[in-house]
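As structure tokens, the structure follows; a few thoughts come after it.
The values are calculated or read from the model by the stated rules, or taken from the named source; none is laboratory data. All values derive from a computational prediction rather than experimental measurement. Positions of Cβ are backbone-derived with ideal geometry, glycine not excepted, and every protein chain shown enters the neighbour counts. Please note that ligands, DNA and RNA were not included when accessible areas were found on the heavy atoms of the full protein model with its side chains. Shrake-Rupley method; radii C 1.70, N 1.55, O 1.52, S 1.80 Å.
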Amino acid sequence: MKNASNKSIPKRIFGRFAEAVKNSRIVSALDRLCLKVYDLLCNGMFARLICGSEDSADDGSAVTPKKDGFISRLTGRISRGIESSGIVSFVNRTANAVFGLRLRVVGTFLMTFAVMCILSGAVRYVFLDTTAALFDALGNGATALTVALLSVPMLVSKGTLSEVLRKSALCTGIVRILGFSEDKLWSDEIRGKHWTAFLLGCLVGISSVFVDPLLIFAAIAGVILMYLVLSFPEFGVMGLALLMPFVPTMVLAGLTIFVDIAFFIKLIRGKRVLNFRKIDFIVLIFAFLVFCAGFVSHSTGSIAPALLFLCLLSIYFVVSCCIRSEKWIGKIVASLMLSAAVVALYGIVQYAFGTFGVNAWLDSDLFEGIAGRAASTLENPNMLGEYLILIIPIAFAAFLNGSRNAAITSRKLSFLCFASMAMCLVLTWSRGAWLGFMFSAVIFLLIWSKRSMWLFALGIISLPVLPFVLPDSIINRFASIGNMADSSTSYRVSIWRAATHMIEDNFFSGIGIGEAAWFELYPDYALAGIEAAPHSHNLFFQIALEQGIFGLVVFFIILFLLLRISFRLFKRLGNSASTVPLKDSAAMRLTVAAPICGLAAVLLQGLTDYSWYNYRVYFIFWLVLALIPAYVKHYNKKLDSHGSCFDKDCMPDEASVDIALTDKTQNSVK
């Protein structure tokens, strides 16, 4: 009993201390100040400017064609023609036949392929008798042996491919992640003949004389992935979010075009909805200005980068206009987080082993204590910092929401993603990214809680302590902001001076997209010694330079509309406190706030760097931006449709209630 009472003494002391602090006049005054500031932000001039009047039209109103209109009748005829075409029928029959194949038939094909691959390699070596042919034969033999071992259990199996996959927990999980309907995927038919598999295995095996066997299987895997994307273009968006940091720009552009084509086919078939809102039209205008800046330029070299910009920007319309299911949005967000975590871990390992590549990103005379800067797969520490600060708020929101947003990922995994990205952000030594991250943290806290001003007060109080806690290298890096003795600071200031004169002389027309147009004019304005700058090192300067003042104005309108639709949702959630559970309301608010904070971080860093210089970062910028209207549409739909019935179990499948462009309703998500 004494031990129990002794353990409770510290708790009682701490409780009394906390109660005394809570009831003190100073704390009460600070609390009232926090609530007053928050009330001014929510109900003052800022709120009226962003949210508008109560009876103003909703920015999220959809623009859909009339059911009896010309476009609807035309697309209806096209849809019926496609659905009854031989191509669609052939694809569906082929898919059903593959899932209905007996495993013994598949095993026969693989074993025959393995044997013919070994024989082909041996024959090739006998006739050529070269070292290269020997190594090719050994490589093909290793691949063939692996395939043969995999085919053995199939040869003794009595089931079909569909039955085996249906019993596999792993395959069932993958099917659910991809969004397939299990009833439609699994086939009850039994198909396949051994002699057909034998002949096909012989043909494919003999082709290994000319083609690497691994390329053959890669081609088969590619066909399967193409079928998946054509069936579910949302899966293609997941893949793009996952692969973005690891593939070259042109590969990313090609994959984006294929996903766009897949969505267009679904749209024509009446399986998806083209649901434009006001903000989508403004983004379309921005895309048109990019197109004009590519073809009306001081250099013909602007056409290629302008088309590339348009291709990558198209991901916005795919996500914003076509993806409205929370499950699919969650999967896309999970792909973003996991991909960024892998990039961050690679950056940490890169920094730990000192593999920085060309160390041209640091003033070694001013920062002797910094060995180098992590760049990871983006090959530039500033670009890596911009990429990370876009995704970090999303990972942190997923961590806070936890199990209430299980569509994204688990709380532990979200925290690991967040922690790895935050650690890698430090190792980029990007001052602009650090400032952007702190700015986004302030916005996130303001949206998260009314009493977040307390944290700001604590932060201000702790400032004198930071020099004794943080390493000198970090303190010196922060202290160098604005220091003209730093070569990177003086370099940027010199470029900004030249850029302002360029904007003055090309105020309305702009100079055109890309480096070709920049280098056509910049040398005439550059200061001595700064002639080789590739861009203006400022996102807003660069937009005004390339597209003229109209492009910059349209970009600001996009940002304004994003804030408008988001804060209208926040205000609506506040007014629905009696019908929406508090935890659900907080989860929705944080989910929408996360991409807003990521964009705010990049825009702040954009004051010191051209954030879109890396095409892959440009792509992810528009993808994250598109998440905001996608989430807002989904949550507004929840509030409109259900009122007090706000449990997730009573929500219909978002994809099943879409209004198609055709004159018939399509309820199938496929």
Looking at this structure, is Leu134 closer than 17 Å to Gly205 by Cβ and either part of a helix (DSSP H, G or I) or at pLDDT 80 or above (or both)?
-> no
Which helices (runs of 4 or more DSSP H) sit wholly inside region 465-519 and have at least 1 residues that are farther than 16 Å from Trp434 by Cα and among the β-branched types (Val, Ile, Thr)?
-> 466-469, 487-505
Taking region 553-567 and keeping only residues that are closer than 15 Å to Ile285 by Cα and either touching an Asp or Glu at 6+ places or on another chain (Cβ under 9 Å) or of a type in the set (Val, Ile, Thr) (or both), one is left with Val553, Val554, Ile557, Ile558, Leu561
Quick check: is even one residue across region 143-152 out of contact with any His (no Cβ under 8 Å at 6 or more places or on another chain), assigned to a loop (DSSP other than H, G, I, E, B), at pLDDT below 85 and crowded, with 19+ Cβ neighbours inside 10 Å?
-> no
Search result, residues across region 538-553 that are open to solvent by less than 20 Å² (accessible area, probe 1.4 Å) and touching a residue at least 24 places away in the same chain (Cβ under 8 Å) | Asn538, Leu539, Gln542, Ala544, Leu545, Glu546, Gln547, Gly548, Gly551
Checking Asp260, Asp212 in turn, the sole residue that is more than 24 Å from the chain's Cα centre (by Cα), more than 24 Å from Ile511 (Cβ to Cβ) and among the acidic types (Asp, Glu) turns out to be Asp212
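Yes or no, residue by residue, for (1) modelled with pLDDT of 95 or more; (2) open to solvent by 40 Å² or more (accessible area, probe 1.4 Å); (3) over 19 Å from the mean Cα position of the chain (by Cα):
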site	(1), (2), (3)
Ser410	no, yes, no
Leu413	no, yes, no
Cys424	yes, no, no
Trp429	no, no, yes
Leu435	no, yes, yes
Return yes or no: is Glu531 closer than 15 Å to Ser299 by Cβ and either β-branched (Val, Ile, Thr) or touching a Pro at 6+ places or on another chain (Cβ under 8 Å) (or both)?
-> no
May I ask you to verify whether Leu573 is aliphatic (A, V, I, L, M), more than 13 Å from Leu539 (Cα to Cα), open to solvent by less than 20 Å² (accessible area, probe 1.4 Å) and modelled with pLDDT under 90?
-> yes
In region 477-524, what residues are farther than 17 Å from Phe541 by Cα and either among the basic types (Lys, Arg) or touching a Cys at 6+ places or on another chain (Cβ under 8 Å) (or both)?
-> Arg477
Meets criteria (closer than 26 Å to Asp280 by Cβ and open to solvent by less than 10 Å² (accessible area, probe 1.4 Å)) for Ala499 = no
So which residues in region 521-530 are part of a helix (DSSP H, G or I) and either within 16 Å of Gln547 (Cβ to Cβ) or free of Cβ contacts under 8 Å to residues at least 12 places away in the same chain (or both), if there are any at all?
-> Leu521, Pro523, Asp524
